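A.B. asks: Below is one structure. I have some questions about it.
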Amino acid sequence: MKLGFIGLGKMGKPMALNLLKAGHELAVYNRSTQVVAELAAAGASAASSAAEVGKRAEVVFLCLPVGKDVKEIVAGEDGLLTTLKPGSLIIDHSTISPADSREIFAKCQEFGIGFLDAPISGGVVGAEKGTLSIMVGGAKADFDRAMPLFEILGEDITYLGDSGSGEVMKLINNLLVGITNAALAEAFVLAAKSGLDPKQVLAVLEKATGDSAMLRRNLPNFILKQDYSPAFTLDMLNKDMGLAEEYAMAQGVRLLLGSLAHQIGREAAYSGYGAEDMAAVVKVLEDLAGVKIVSAE
């Protein structure tokens, strides 16, 4: 199949490589030309614009940072809608607001082009291994058509309903991530201030009701190593928490815990930790408590 991929960042690049490995033709575009050259060396064809990708592909994948970028790539002056043929399909793996996603869906319909919001979870490792969780909204016929491609990229693929439903699901997921991220940091700062060894605390929690995927992610990989090289930056989490708050407000739902977690995340970003992994939210709480989470070993 003739595919396109736009947005070759930490998640997009390995996803694009998996589509290539599956034997598909792939045209790629990215603001950074270096990663385009890397994909071209792996067998993709380099494009100089989104419109050029649209000329070469029948299905185009997007993996972009914010809704503004998605709108520009799809409907901008040199966007996909200027060249994609009717019957083509755009699959958007970006995390953006449900309202933006529905707006783009409606615009694509005017051109006879399908649009699926299909945000992802599973991190860089999941992108590399093709084991992502993919949450999909849009027309069911488009989802069915895309399923063989989704199966290259992920293991847990869920159709959630009309346009925007995938984005709603992703915001709910990341709302929980943000709350848990802050709660773990707070709990381990308290443990450190109390003189408990964080490795022992981790070992106990892994077998207790306090266990969670975020615990197993943040503690051994970031906090105990004191290495916050980003897998998912705090700035990106803060962006998603803001989207969740915005969406909840539109639904008449108050996010009491979510707002507090977002406030802590923003404080950590203001303190200079925004470009680090989201687990670095612990640093602002360590600073406030005057303690460092360090194992006795």
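The values are calculated or read from the model by the stated rules, or taken from the named source; none is laboratory data. Note that the structure is a prediction, hence the values are computed from the model and not measured. Cβ placement follows ideal geometry from the backbone for every residue including glycine, while neighbour counts extend to all protein chains displayed.
A.B. asks: What are the residue pairs meeting all of these: first residue in region 111-138, first residue among the charged types (D, E, K, R), second residue in a strand (DSSP E or B) and modelled with pLDDT of 95 or more, Cβ atoms under 6 Å, and 6 or more apart or on different chains?
C.D. replies: Short answer, once both residue conditions are applied: Asp117/Asp92; Asp117/Gly137.
A.B. asks: Specify the residue that is nearest to Lys239 (Cα to Cα); the eligible residues are those in region 150-165 that are touching a residue at least 60 places away in the same chain (Cβ under 8 Å) and buried (at least 22 other Cβ atoms within 10 Å of the Cβ).
C.D. replies: Checking each candidate, the answer is Gly164.
A.B. asks: Would you say Gly87 is under 14 Å from the mean Cα position of the chain (by Cα) and either surrounded by fewer than 22 Cβ atoms within 10 Å (Cβ to Cβ) or in a helix (DSSP H, G or I) (or both)?
C.D. replies: No, not satisfied.
A.B. asks: Taking only pairs six or more apart or across chains, which ones have beta-carbon atoms under 6 Å, a first residue in region 264-281 that is under 10 Å from Asn238 (Cα atoms), and a second residue that is not in a helix (DSSP H, G or I)?
C.D. replies: Met278/Phe232
A.B. asks: Kindly evaluate Phe222 against the criterion of being in contact with an Asp or Glu (Cβ under 6 Å, 6 or more places away or on another chain), outside the structural domain of Gly122 (by TED's automatic domain parsing), of a type outside the set (D, E, K, R) and at negative phi.
C.D. replies: The answer is yes for Phe222.
A.B. asks: Just need a number here: residues in region 107-123 that are part of a helix (DSSP H, G or I) and at pLDDT 95 or above.
C.D. replies: Total meeting the criteria: 4.
A.B. asks: Out of the residues in region 189-219 that are surrounded by 17 or more Cβ atoms within 10 Å (Cβ to Cβ) and under 26 Å from the mean Cα position of the chain (by Cα), state the one that is nearest to Ser101 (Cα to Cα).
C.D. replies: Looking at residues that are surrounded by 17 or more Cβ atoms within 10 Å (Cβ to Cβ) and under 26 Å from the mean Cα position of the chain (by Cα), I get Met214.
A.B. asks: Select from region 220-243 the residues that are free of Cβ contacts under 8 Å to residues at least 60 places away in the same chain and in a loop (DSSP other than H, G, I, E, B) and write down the one among them that is farthest from the chain's Cα centre (by Cα).
C.D. replies: The selected residue is Lys225.
A.B. asks: Something else: Does region 278-290 include one or more residues that are under 20 Å from the mean Cα position of the chain (by Cα), assigned to a helix (DSSP H, G or I), of a type in the set (A, V, I, L, M) and within 18 Å of Pro65 (Cβ to Cβ)?
C.D. replies: Yes.
A.B. asks: Take the conditions in contact (Cβ under 8 Å) with a residue 24 or more places away in the chain and among the charged types (D, E, K, R) and apply them to Lys55. Does it pass?
C.D. replies: So Lys55 passes the test.
Yes or no, residue by residue, for (1) within 17 Å of the chain's Cα centre (by Cα); (2) not hydroxyl-bearing (Ser, Thr, Tyr):
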position	(1), (2)
Met1	no, yes
Ile6	yes, yes
Leu17	no, yes
Thr33	no, no
Glu52	no, yes
Phe105	no, yes
Gln109	no, yes
Ile113	no, yes
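A.B. asks: Let me ask something additional. Suppose the filter is of a type in the set (A, V, I, L, M, F, W, C), part of a helix (DSSP H, G or I), touching a Gly at 6+ places or on another chain (Cβ under 9 Å) and surrounded by fewer than 16 Cβ atoms within 10 Å (Cβ to Cβ); does Val168 pass it?
C.D. replies: For Val168, the condition - of a type in the set (A, V, I, L, M, F, W, C), part of a helix (DSSP H, G or I), touching a Gly at 6+ places or on another chain (Cβ under 9 Å) and surrounded by fewer than 16 Cβ atoms within 10 Å (Cβ to Cβ) - is not met.
A.B. asks: Run down Ala141, Ala146, Ala182 and say which single residue is under 30 Å from Ala289 (Cβ atoms) and either in contact (Cβ under 8 Å) with a residue 40 or more places away in the chain or surrounded by fewer than 16 Cβ atoms within 10 Å (Cβ to Cβ) (or both).
C.D. replies: Ala182
A.B. asks: Can you pull out every residue in region 39-73 that is under 26 Å from Lys239 (Cβ atoms), surrounded by 17 or more Cβ atoms within 10 Å (Cβ to Cβ) and not aliphatic (A, V, I, L, M)?
C.D. replies: Passing the criteria: Ser49, Phe61, Cys63, Gly67, Asp69, Lys71.
A.B. asks: I would also like to ask the following. Tell me yes or no: at least one residue of region 121-131 is buried (at least 21 other Cβ atoms within 10 Å of the Cβ) and in contact with a Gly (Cβ under 7 Å, 6 or more places away or on another chain).
C.D. replies: Taking every residue of region 121-131 in turn, none turns out to be buried (at least 21 other Cβ atoms within 10 Å of the Cβ) and in contact with a Gly (Cβ under 7 Å, 6 or more places away or on another chain).
A.B. asks: Here's another thing I want to ask about it. Exactly one condition in (1) more than 23 Å from Val291 (Cβ to Cβ); (2) aliphatic (A, V, I, L, M); (3) in contact with a helix residue (DSSP H, G or I) (Cβ under 9 Å, 6 or more places away or on another chain); (4) part of a helix (DSSP H, G or I) is false for Val189; which is it?
C.D. replies: (1)
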